[in-house]
1. Between His66 and Tyr356, what is the FRET efficiency for a Förster distance of 56 Å, r being their Cβ-Cβ separation, to the nearest 0.05?
2. Quick one: Cα convex hull volume of region 1-104, Å³ per residue?
3. Using a 7 Å offset from the Cα along the Cα-to-Cβ direction at both Leu92 and Ala369, what is the distance between the two label points in nm, to one decimal?
4. Largest first, how would Leu232, Leu210, Leu277 line up by accessible area (1.4 Å probe)?
5. Taking Cα pairs under 8 Å and at least six residues apart, what relative contact order does region 1-117 come out at, in percent?
6. With every protein chain left in place and a probe of 1.4 Å, what is the accessible surface of Thr75, to the nearest 10 Å²?
7. Quote the accessible area belonging to Tyr16 in square angstrom, nearest 10, computed with a 1.4 Å probe and with ligands, DNA and RNA left uncounted.
8. For Trp81, what accessible area in Å² do you get when you roll a 1.4 Å probe over the heavy atoms of the protein chains, rounding to the nearest 10?
Amino acid sequence: MRIYLFIAAIAGGVTYLLTPLIRHIAIKIGAVGEVRARDVHTVPTPRMGGLGMLIGFTVAMLFASHIPFIEGLFTQSHQAWVILAGAIMICLLGMADDLWDLDWMLKLAGQLLISVFVAWGGLQIISLPLGSLVTASPSLSMAITAFLIVVSINAVNFVDGLDGLASGIVAIGGIAFAIYSYIIARNSPSYASMATLIDIAMVGMCVGFLLHNWHPAKLFMGDSGSMLLGYLITCASIVMTGRLDPASIHTSIYLPVFMPILLPMLVLFLPILDMCLAIVRRLSKGQSPMHPDRMHLHHRMLRIGHTVQGAVLILWGWAALIAFGSIMILFFRASYVLIGFLIAAALLAVATMYPYLRHRIPEIREENAAIEADARHASVGRFRGGRSRGGR
């Protein structure tokens, strides 16, 4: 575990130290996002922070390849290098979008090509959880792998709307799945795990970048960062499924690992939900699924009265509840986990709606008081009218 923490520290330290330089480069080459109608920030801010995150991740992986405990993961298979190559390509695609605002169809085509390349290079879902473990054909495996990567890339991209939101959600999910993959690795002859390594390095670079990206952000991660995060967390989840042996792994461990593949990843439930709602909303209006608007979950949080920091912290809380709730059944009885989950969900629901209720309840009281006053005036008027008619 100490080695993994060392890898996380390397990724975080390199990302943190390089981010100011990346910010300077972004300003020099014009990778500065103009303030748009849907944006929360009011000052043009440089983006392309994903480049610093990529460098932090790359340096951490290169260090790991020379550590005796982990180096076997790099020598026994070329999977790690395929994942790293895909990370570089997806980040470069995002940098191009940060610079030139690529057409969404062109960007989607690039994401799909990179995902197919990675799947062709050996990163594939070998089996599918359809009631029992079913081995997928190579072509189906490649198609499902590419689809999940593209979905996750765009899910994180959609949710990247507030300072620190995307990096925090992915870091939380990365911690949860690093714990789970580490438990899975302990059932194998070697504790070394590529899934744990990817998760830990990703968490480190997220934390290193978050120190510069907390509101008010000095630099945005841009598409180069959001697409990189979606790509890496999916790769780690897919690698994790490759370690499963249903004959040797207990059902309580076997089930949760497939949940992220079906969603495709449980930790990205909020981003995927936000993306699905946005696509349905836009298509129902006859718009492109990539048409921008101000109806994302984080926009709604701000609209009901949350500050940027408050909205981010509450959405982090929901992400943590979903991510850690899925692995708690490894340590506690399912009934206890369910009770704790429901209590935490109720508290988060109250925190989510508190600003709205704080302003809305007094308004409702005033409206009710006004309605009662009008009713009293109307009844007095009818009473007086009745007495007049009786006098005549």
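The values are calculated or read from the model by the stated rules, or taken from the named source; none is laboratory data. Quantities reported herein were computed from a predicted structural model and do not represent experimental measurements. Positions of Cβ are generated from backbone atoms using ideal geometry, with glycine treated the same way; all protein chains shown enter the neighbour counts. Protein only, heavy atoms only, side chains kept; ligands, DNA and RNA dropped before computing areas. Shrake-Rupley method; radii C 1.70, N 1.55, O 1.52, S 1.80 Å.
1. Numbers: r = 53 Å, r/R0 = 0.95.
After rounding, the FRET efficiency stands at 0.60.
2. For region 1-104, the hull spanned by Cα atoms encloses 126 Å³ per residue.
3. Modelled inter-label distance: 6.6 nm.
4. Numbers: Leu232 0, Leu210 35, Leu277 85 Å².
Order by accessible area, largest first: Leu277, Leu210, Leu232.
5. After rounding, I find 26 percent.
6. Approximately 110 Å² for this residue.
7. 100
8. Trp81 exposes around 100 Å² with every protein chain in place.
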